[in-house]
Structure formats: C-alpha cells, structure tokens
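Written out below as structure tokens is the structure these notes cover.
Just so you know, all these numbers are worked out from the coordinates, no wet-lab data involved. Note that the structure is predicted; figures quoted are calculated from it, not measured. For neighbour counting, all protein chains shown are included, and Cβ atoms are generated from backbone atoms with ideal geometry for every residue, glycine included.
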Amino acid sequence: MSDPARHLSRPVPRVGLNRMEVALSLGVSPNTVDAMVADGSLPHPRLWNRRKIWLLSEIEAAMMEWPTEAERKGADLSGWRASA
C-alpha cells in the first residue's frame, strides 16, 4: 500500500494526537497524561475502534481553563507594567 501523504507538497496539519504525542507536546510522561485525564485537567480521548485520539482543539480548550501562575498565587497584577 502506498503512502498517500508522500504525494503532498505541504505537510498536513495534525488534528489529533495519541497518548505519547500528547505527553511529548506537554513535556510530561504518558502516566502523567493519564493522571491529568483522571483529575479533569485534560479531556478524555476520542475512541476510534481501540485507538485513543485526543483532539488538539479540545486539549487547547482545556488548557485555557488552567489558572495562570498569578491566578494560582492569588496575585493582583492589574497595575503592573513592564519596565523598559
């Protein structure tokens, strides 16, 4: 069977990742991905037959709900300005 992607002149954007790819993209271990799914920090994967696939859009949406460091510390940075 020939590889259909071989004939493409540009890379095809990824829309889904497997467990190892999710771990690599977040800089954590696959076991940490499992823990993040269990605690609700990451969405559950989609299933296709026996394959688990995380949608990039769902991962990004979940990450947008994570607190920033300032929010976690309860800091009030509303008046803060970067010095030049």
Can you pull the one-decimal nm distance between simple spin-label points at ALA62 and ASP34, each 7 Å off the Cα toward Cβ?
-> 1.5 nm
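Could the peptides 29-38, 16-25 be put in order, highest first, of the mean number of other beta-carbon atoms found within 10 Å of their residues? Walk me through the intermediate numbers first.
Details: 29-38: 14.6, 16-25: 16.5.
Descending packing order for the listed peptides: 16-25, 29-38.
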Taking a point 7 angstrom from the Cα of TRP48 along the C-beta vector, which residues in the stretch 8-34 have backbone N less than 16 Å away?
-> 12-22
Tally Lys/Arg at +1 and Asp/Glu at -1 over every other residue whose Cβ is under 14 Å from the Cβ of ARG51; what's the total?
-> +3
Per-selection metrics, the stretch 14-67 (Cα): Rg and Dmax in Å | 10.3, 34
Restricting attention to the stretch 40-74, which GluC sites (Glu not before Pro) occupy a DSSP loop and are surrounded by at most 10 other Cβ atoms within 10 Å?
-> GLU65
